[in-house]
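Below: one structure, written as structure tokens.
The values are calculated or read from the model by the stated rules, or taken from the named source; none is laboratory data. Keep in mind that this is a model prediction, so the values were computed, not measured. Note: ideal-geometry Cβ built from the backbone for every residue, glycine included; neighbour counts use all protein chains shown.
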Ligand SMILES: C[S@@+](CC[C@H](N)C(=O)[O-])C[C@H]1O[C@@H](n2cnc3c(N)ncnc32)[C@H](O)[C@@H]1O
């Protein structure tokens with residue numbers, strides 16, 4: 001069987017099984033192609049185009065059998081393909097991934113290589129915090145995009161940090177990326193020129209409706225209270241203390257963006273548009289965060305009076 005025939009056949013099997021996608025792979029065709037690459041031992045590249053796919057390659061019996069095994073596992077277990085292959089791609093870079101961390105797929109992938117220009121002056125960025133770092137994909141891509149900066153990557157999951165540590169070593173970035181294990185800003189004392197954060201922002205209703213594949217990922221990566229804003233609001237409130245005078249914070253608010261804008265209607269969010277959505281990533285300057293502080297405190301007091309500290 002030729003490579004392309006195997007891809008078409010596998011895609012049909014995946015489609016017929018009614019799987020869900022979006023965890024690093026777009027659709028059945030995308031997954032089938034990656035399965036065929038993995039089974040044939042070919043090096044996958046993020047710069048793949050139709051011209052360099054080995055359509056006519058004659059597959060060995062071994063490769064055909066591996067394709068069948070992976071496809072069967074994907075369908076029978078509803079395990080996301082990235083976890084089966086132990087590989088994910090983010091911003092054109094390959095990362096090790098397993099069930100201990102969410103599969104990289106943030107909207108940040110479009111903006112990190114462009115250094116958030118024109119809002120961020122890359123020359124001024126020496127210190128970066130990757131809050132909620134998961135597998136470390138964003139912190140690592142930031143270290144690559146800002147070669148003169150050091151990065152602190154933080155998460156409250158020690159499992160995720162183990163995955164991040166492995167990825168940081170794979171990229172040889174141990175000298176420039178440190179890890180912190182803590183709840184939100186716990187254990188962090190310095191200020192940063194740039195904070196990037198892809199936090200949990202899935203509302204309770206949306207979480208209950210997630211397809212089986214998404215339930216294979218750590219739920220702490222998704223759940224953020226009734227409306228998806230529990231983490232973001234508290235983090236925004238605290239973040240002013242961790243930004244340098246001209247610091248900038250960029251946050252993915254995804255499906256919680258509309259509620260966030262509704263609640264903080266006078267905060268001048270800069271929405272960074274992405275290929276698939278206009279309002280999923282926002283940027284704020286340190287001064288804007290400090291100005292919004294009282295409004296956020298009032299909002300948090302209404303939502304959960306016990307949770308707010310006024311220092
Ligand atoms: C949506 S994932 C993002 C992971 C990674 N940045 C990425 O884009 O693939 C959110 C991450 O936040 C972490 N997290 C959840 N609650 C946290 C908290 N209170 N403090 C620190 N990290 C938290 C989770 O463990 C998870 O790794």
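On the basis of being more than 14 Å from the chain's Cα centre (by Cα) and not assigned by TED's automatic domain parsing to the domain that holds residue 13, does residue 119 make the cut? Talk me through it step by step, then tell me what you get.
Numbers: more than 14 Å from the chain's Cα centre (by Cα): yes; not assigned by TED's automatic domain parsing to the domain that holds residue 13: yes.
Yes, satisfied.
Given the conditions (1) under 23 Å from residue 15 (Cα atoms); (2) in contact with a strand residue (DSSP E or B) (Cβ under 8 Å, 6 or more places away or on another chain); (3) crowded, with 24+ Cβ neighbours inside 10 Å, report the number of the one that residue 140 does not fulfil.
All conditions are met except number (1).
State whether one or more residues within segment 31-54 are crowded, with 19+ Cβ neighbours inside 10 Å and within 16 Å of the ligand (Cβ to nearest atom).
No, because not a single residue in segment 31-54 is crowded, with 19+ Cβ neighbours inside 10 Å and within 16 Å of the ligand (Cβ to nearest atom).
Residue by residue through segment 92-122, note down the ones that are closer than 12 Å to residue 194 by Cα and in contact (Cβ under 8 Å) with a residue 24 or more places away in the chain.
Quick first cut of segment 92-122, residues closer than 12 Å to residue 194 by Cα only: 112, 115-116, 119-122.
The answer is 112, 115, 116, 119, 120, 122.
Identify all residues within segment 203-217 that are in contact with a helix residue (DSSP H, G or I) (Cβ under 7 Å, 6 or more places away or on another chain) and within 19 Å of residue 82 (Cβ to Cβ); write none if there are none.
The answer is 216, and nothing else.
Does segment 179-198 hold any residues that are within 19 Å of residue 246 (Cβ to Cβ) and within 10 Å of the ligand (Cβ to nearest atom), and which are they?
Of everything in segment 179-198, those that are within 19 Å of residue 246 (Cβ to Cβ) and within 10 Å of the ligand (Cβ to nearest atom) turn out to be 196, 197.
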